[in-house]
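Q: Pasting a structure here, questions to come.
What follows is calculated from the coordinates using simple rules that are stated; it is not laboratory data. Bear in mind the structure is a predicted one, so any value in this text is a computation, not a measurement. Virtual Cβ from ideal backbone geometry, glycine too; neighbours counted across all protein chains shown.
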Amino acid sequence: MKKLGLYLLLLPGLLFLTLFMVIPIAMTVLSTFFQEGSFTLEGYLHFLADPYFLKILWTTLQVSVVTTIACILLGFPAAYYISKLGPRKKGVLLALAIFPLLTSSVVRSFSWMIILGKKGLLNSSLLSLGLIEKPLEILYTPSAMMIGLIHLFLPLIIITLVGVMENIDPDLLKAAESLGASKFTAFRQVIVPLSVPGLIIGSILVFVGSLTAYTTPALLGGKQRVISTFLYQNAITLNDWHMASVIATIMIAITFIVIGLMNKLATKLNPKG
Amino acid sequence: MREKNRGLALFTFLIFLFLLGPLLIISVTSFEPGTVLKFPPQGFSLRWYENIFEVEMFMETFKTSMIVSLAGNLLALALGIPAAYALSRFQFKGKSLLNGVFISPVLIPGIVMGFAMLKYVIITYQLPIYAGLLVGHTVLMLPFIIRVIASSLSNFDFAIEEASLSLGAGRLETFFKVVLPNIRSGIIAAVLIAFLESFNNVDISVFMTGPGVSTLPIQMLTYVENYFDPTIAAISVLLMIITAIFMFIIERLMGLSYFTKR
Amino acid sequence: MALLTLENVSVAYENQNILDNFSLNIEKGQLISLLGPSGCGKTTTLRLIAGFLEAKAGRFLFDGKDYTRVPVNKRNFGFVFQSYALFPHLSVFDNVAFGLRLRKVNQAEIDQRVRHILDVVSLNGFEKRFPKELSGGQRQRVAIARALVIQPDLLLFDEPLSNLDANLRVNMRVEIRRIQQELGITTVYVSHDQEECFSISDQVAIMNKGIIEQLDDPATIFKYPRTEFVARFIGFNNFIDFGERTEQDGEIHLTAGSHTFRAAKNPGTANHSGKKGAIRPDDLVVSAEEPADSVRNVLKGKVKVSTFLGRSYQYVVETDLGDFTVNQEMDSPYKAGQPVYLMFPKEKLVLVD
């Protein structure tokens, strides 16, 4: 009787997800291994043999790695600063970090088009200051994508780290200092290792997010394709659904491998925390 | 008493300048009177705000976005509240697996989900595009609804439920009269968060366009590819105002800790 | 000369003075406790000594040197936290070795010193454990070992036992005293637990609202509290306001209402100008029979409330000088309403401010 009630509560949601998510995704993945009714890996072999495809994959990985590292380097100190503030100031800064996160990615990418464009804010100010002679070509390059992606994901890593850091007992820092550590040493030997779990979760979110982001590369990347815009191009423009499915499967695989590896790393680096 | 670290404070200030500056620039340029985006603007005008209401495609897609996000939200609530309740209230075998399944839509890359839905929901199941959009956005919102409501239920003392049962109320009556009122702010916050996720979504919607059907972000994306006038800046400002209001309400309802917890 | 001197220091938090013009001297080798209710400034004083807080005025001298502006990490003081503050990501060994590594001690000496100090706190064999895997008492020992191993010039304890259960608390405080005496290390100990402070300290400073009400050895404080606050804090809850004070025949005569009480001359009365008398509930005698005329210090009253304390009974007795609390062992208790006489020996009356 109780069991029945439980199923009745869970079943509608489960059925809905199965029908509209699990089956479509599973079928998309399965379809890549079959062509005209027989098992094949041709799609993948084709993908791996084509330097153009590989180049896109490589660019995507590069952009994602740089974005992730930049987010960590920029986000970590800022998160530490925020986590040490009093509740009022902390609340305000957190709100200011969350606001861009909730703002449309179209709006955020568009703002960088205004700034980075040929006649954009950056170029016009640099020109008028006489620092450059002709406009820099930033928009529609991987650099623009990276800037846009860092802008997109930096808040995510900041708020994740603040969440972890504010739970670190402030007495630990005092203990380290009383044992002879300078503020910086205490930060390095106490805060940094204890932030590792948050750092890993944050890095997964940023890395997977950059790897699969669509809007920002579509707007800022110009002709430079990344794997997500490439998927869209194959599906909609080129109408090559088999190839699009192969790319989709590769994206899912990379996502899950990254999450799996990072989780392993997290347990390894943090056996007792 | 708190140690002052000027270097770190300056660094953090620059980070926030980087995060918020572009949004500020967009807001300022939306008042540009000319036809080309400029910073600083050459004057002050609201003509591009007026233009939003004159471009029919913006009004059409705004309507579609609203309908899809609101109807999808209701559907996600209908599916999500019972699931969140079951997952918080009961201990049973396979619970963590089910938890994973309900949260999984956020793990699958959005662009992959959009493509898979186009392939199967639109083509194979032959749902109309409008319905496909609705279904896609419901799937998208479900994990947010479940997560926020479950966290709200985790603060709920289920002994109150037993008290209600012992006083003679039925299970369903208890749920509506005792449980629901106590997690009301969680539900409202869930609705707002899910709404923003859906309303801003590009990855799924970009595959679900057809004759006369598209959402506002997709329309903006197309517009930006062809025009560079300040209309998009004006729309952006309106969207940011909505976002700010939503965020303020969410903060009032349950603080900001939802965002910092992972 | 005192090892440690706080000289007219003031500390404010959010514009509120916690310590104002506060002074304290501590002798070398002593264990001094700061005791008082929460908010009395004892933890602030300790954190000031540790260097976690900065005074807005005044000086802090240590071993003849001005330590006021010396940062925490240069003070070489060991601090034991209420929360223990063990580094959760480090093993017991690494927690204890933390301070030695910062001092660039070589590995062989680190091994030897950590092993020795773990011996002292009876934690041999726990080197590889992590804080999460230890009991409360064991964590406490690690915290003490970590503070001791750096051979600190001063050891500071902030309510170190408040997270332990009652039995362990008693064992640990004996341990702390043993280690402190063994190593002869000057120690400042903060607690709100009276028994704990009295049992282990050479000196106790009773603090209230940012000032030291009394600084003495435990026995003196226990017998001769100098202020009403201290008296109440250590269990004197009967007070009499006196009018006139005269000395006759080597006794002090004190009037209250129509009564004249006599007090013996002792450190609790003789050098004291206070006009308030304090008596412990245990020092009052209650009797239903009228005492002989020769008996002094008698008050007539009526039992208002009677409660059973286990070994004794406690009565609240109503008199013309107000209510008095009395503890007395007896077989059959008095009932409420019973007329009684209260008496006390003249030696048991203490005068306070």
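Q: Run the simple label-point estimate for A:Phe39 and A:Ser182 please: 7 Å along Cα→C-beta, distance reported in nm.
A: Roughly 6.3 nm, to one decimal.
Q: Further question: Calculate the FRET efficiency for C:Glu290 and C:Arg232 from the Cβ-Cβ distance with a Förster distance of 35 Å, rounded to the nearest 0.05.
A: My answer for the efficiency is 0.65.
Q: Report the residues of segment C:282-321 in range of a label on C:Ser332: point 7 Å along Cα→C-beta, backbone N strictly under 15 Å from it.
A: C:288-289
Q: Once you average over the residues of A:151-157, how many Cβ atoms of partner chains fall within 10 Å of each Cβ? List each step's numbers first, then the result.
A: On the way: counts 5, 0, 0, 4, 4, 2, 0.
Per residue, the number of nearby Cβ atoms from other chains is 2 on average.
Q: Between segment B:44-106 and segment B:194-230, what's the alpha-carbon centroid distance in Å?
A: What the calculation gives is 15 Å, centre to centre.
Q: Apply the Karplus curve 6.51 cos²θ - 1.76 cosθ + 1.60, θ = phi - 60°, to the phi angles in segment C:183-195 and return the couplings in whole Hz, x for Gly and Pro.
A: Per residue, the Karplus-derived 3J(HN,Hα) values read 8, x, 9, 5, 9, 10, 10, 10, 7, 10, 9, 4, 4 Hz.
Q: Could you work out which residue, out of C:Ala166, C:Ala264, C:Ala256, moves most in a Gaussian network model of chain C, that is, has the largest mean-square fluctuation with Cα springs under 10 Å?
A: C:Ala166
Q: Can you list residues from other chains, or at least 5 along the same chain, whose modelled amide H is less than 5 Å from the amide H of C:Asn238?
A: C:Ile279
Q: Under a cut-off of 13 Å between alpha-carbon atoms, report the aspartates and glutamates in cross-link reach of A:Lys223, not counting same-chain residues fewer than 8 places apart.
A: B:Glu225
Q: Okay, next question. What helices in chain A pass both tests, a Cα length along the helix axis of 18 Å or more and a mean Kyte hydropathy of 0.0 or higher, using whole DSSP H runs?
A: Length and hydropathy pass: A:2-17, A:51-83, A:87-102, A:142-165, A:192-212, A:241-269.
Q: Enumerate the amide H contacts of C:Ile18 below 5 Å, restricted to partners 5 or more residues apart or on another chain; note that Pro and chain-start residues carry no placed amide H.
A: Answer set, sorted by chain and number: C:Val11, C:Ala12, C:Tyr13.
Q: Next up: Mind listing the Cα extents of segment A:41-269 along all three principal axes, in Å, largest one first?
A: Dimensions of segment A:41-269 along the principal axes of its Cα atoms: 64, 53, 28 Å.
Q: Same structure, new question: Taking Cα pairs under 8 Å and at least six residues apart, what relative contact order does chain B come out at, in percent?
A: 28
Q: Just counting partner chain Cβ atoms within 10 Å, what average do the residues of peptide A:90-101 show around their Cβ? Mind showing how you got there, number by number?
A: Working: counts 1, 3, 0, 3, 6, 7, 3, 7, 8, 8, 8, 5.
Whole-number average of other-chain Cβ neighbours for A:90-101 is 5.
Q: Students often forget the sequence filter, so: which lysines lie under 29 Å Cα-Cα from B:Lys261 once same-chain residues fewer than 8 apart are removed?
A: A:Lys84, A:Lys89, A:Lys90, A:Lys174, A:Lys183, A:Lys264, A:Lys268, A:Lys272, B:Lys4, B:Lys93, B:Lys95, C:Lys132
Q: So what is the calculated 222 nm ellipticity per residue for chain C, using -39500 (n - 2.57) for each DSSP H run with n of 4 or more, over all residues, to the nearest 500 deg cm²/dmol?
A: Calculated mean residue ellipticity at 222 nm is -7000 deg cm²/dmol.
Q: When a footprinting reagent is the concern and you count Cβ atoms within 10 Å, what order do C:Tyr189, B:Tyr49 take, fewest first?
A: B:Tyr49, C:Tyr189
Q: While we're here: How large is ³J(HN,Hα) for each residue in segment B:87-100, as worked out from phi by the Karplus curve 6.51 cos²θ - 1.76 cosθ + 1.60 (θ = phi - 60°), to whole Hz, x for Gly and Pro?
A: Rounded to whole hertz, the list is 6, 8, 7, 10, 9, 7, 5, x, 5, 5, 5, 4, 3, x.
Q: Provide a whole-number value for the mean count of partner chain Cβ atoms within 10 Å of the Cβ atoms in peptide A:255-261.
A: On the way: counts 4, 2, 0, 0, 1, 0, 0.
Neighbouring Cβ atoms belonging to other protein chains average 1 per residue here.
Q: Here's another thing I want to ask about it. Calculate the spin-label point distance for C:Arg245 paired with B:Leu107, positioning each point 7 Å from the Cα along the beta-carbon direction, and give it in nanometres.
A: Distance between label points: 7.9 nm.
Q: If you don't mind, another one. Using only alpha carbon pairs under 8 Å that are at least six residues apart, calculate the relative contact order of segment C:230-352 and give it in whole percent.
A: On the way: 258 pairs, mean separation 37.6, N = 123.
Relative contact order, segment C:230-352: 31 percent.
Q: Here's another thing I want to ask about it. By how many nm would the segment from B:Phe18 to B:Val36 lengthen if fully extended, with 0.36 nm per residue of separation less the alpha-carbon distance?
A: Here the segment from B:Phe18 to B:Val36 would lengthen by 4.1 nm.
Q: Round to the nearest 10 and give me the degree value, 0 to 90, for the angle of helix B:6-29's Cα axis relative to the longest principal axis of chain B.
A: Computed tilt is about 70 degrees.
Q: Quick one: check the C-alpha center-to-center distance for segment A:129-166 versus segment C:183-247, whole angstrom.
A: Measuring centre to centre over Cα atoms gives 63 Å.
Q: Separate question: Under 14 Å from a point placed 7 Å out from the Cα of B:Gln91 along the Cα-to-Cβ direction: which residues of segment B:162-176 have their backbone N that close?
A: Inside the label zone: nothing.
Q: With 10 angstrom as the radius, rank C:Thr220, B:Thr138 by how many other C-beta atoms surround their C-beta, starting from the fewest.
A: Fewest-to-most ranking of C:Thr220, B:Thr138: C:Thr220, B:Thr138.
Q: With each pseudo-label sitting 7 Å past Cα toward Cβ, what's the B:Gln126-C:Ala57 distance in nm, one decimal?
A: In this crude label model, B:Gln126 to C:Ala57 measures out at 9.0 nm.
Q: While we're on this one: Counting pairs on different chains as well as pairs 8 or more places apart, how many Lys pairs in segment C:197-310 have Cα atoms under 30 Å apart?
A: Lysine pairs meeting the criterion: 18.
Q: Exposure proxy check: A:Glu177, B:Glu251 ranked by fewest other beta carbons within 10 Å?
A: Going from sparsest to densest Cβ surroundings: B:Glu251, A:Glu177.
Q: Relative to a virtual label point 7 Å from the Cα of B:Met66 in the Cα→beta-carbon direction, which members of segment B:206-246 show backbone nitrogen distances below 13 Å?
A: B:216
Q: Over all alpha-carbon pairs in the protein assembly as shown, figure out the percentage whose distance exceeds 51 Å.
A: Summing the P(r) tail past 51 Å for the protein assembly as shown gives 41 percent.
Q: Can I ask one more? Using only Cα atoms and rounding to the nearest 10 degrees, what angle (0 to 90) does helix C:136-148 make with the longest principal axis of chain C?
A: Helix C:136-148 and the main axis of chain C meet at about 70 degrees.
Q: Related question: Defining a contact as two alpha carbons under 8 Å apart and six or more residues distant in sequence, what relative contact order in percent does chain A show?
A: Once normalised by length, the contact order is 25 percent.
Q: Can you order the peptides A:259-269, C:115-125, B:23-33 by their average number of other Cβ atoms within 10 Å per residue, highest first?
A: Put in order of decreasing packing, that is B:23-33, C:115-125, A:259-269.
Q: Related question: Among C:Pro333, C:Pro160, C:Pro281, whose mean-square fluctuation peaks in a Gaussian network model of chain C (Cα, cutoff 10 Å)?
A: Most flexible of the set in this elastic network: C:Pro333.
Q: Once Rh is set to the Kirkwood radius over Cα pairs, what Stokes-Einstein translational diffusion coefficient, in µm²/s, holds for chain B at a temperature of 20 °C and a viscosity of 1.002 mPa s?
A: In µm²/s, the coefficient rounds to 101.
Q: Stretched out fully, how many nm does the piece from A:Ala95 to A:Leu11 gain, at 0.36 nm a residue minus the Cα gap? Mind dumping the intermediate values first?
A: Numbers: separation 84, 0.36 × 84 = 30.24 nm, distance 3.68 nm.
The span from A:Ala95 to A:Leu11 would gain 26.6 nm if fully extended.
Q: Most fluctuating residue of B:Pro109, B:Pro143, B:Pro217 in a GNM of chain B with Cα springs under 10 Å: which is it?
A: Fluctuation is largest for B:Pro109.
Q: Okay, next question. Long-range amide H contacts for C:Val121: which residues qualify at under 5 Å (H placed 1.01 Å from N, peptide plane, sequence gap of 5 or more or a different chain)?
A: Those lying under 5 Å, H to H, from C:Val121: there are none.
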